[in-house]
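Structure first, commentary second.
Values in this text are rule-based calculations from the coordinates and carry no lab data. As the structure is a prediction and not an experimental result, all values here were calculated from the model. Neighbour counts are summed over all protein chains in view; Cβ atoms, including those assigned to glycine, are modelled from backbone coordinates with ideal geometry.
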């Protein structure tokens, strides 16, 4: 394979409301934590084990404003994007690293009325100019093939 691929798809629950930062020129960035859970039964002890992984999600401009308006702590959301690691120095001059998911597409999965507020999240993607009026789940339809598998 000649190329490479940096693509992430996550379904999880937001750990906090979207925190917005605005810049000169009208650009903005939104950040929020996303929790994904893994549950399994330990075969040796027969105990149920639950692991939570936290992801730092970054969304930009109009998409960030839509997320800020509709996403609340605890909402379920599908995120698609790419992994990016930033390097920065703390106040002591030590190099620090932060791994983020730079969101390119998203779909709100919490049904209308189940969010903390009465106005909840319609399904949307950052390419849309305005939010949809009804929540829907994003589905991809594949054409039928004559393949036996």
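The modelled label-to-label distance for the pair residue 5/residue 51, using points 7 Å beyond Cα in the direction of Cβ, is 2.3 nm.
Computed on the range 8-108, with alpha-carbon pairs under 8 angstrom and 6+ residues apart, the relative contact order is 31 percent. The slack between residue 95 and residue 69, meaning 0.36 nm per residue of separation minus the straight C-alpha distance, is 5.9 nm.
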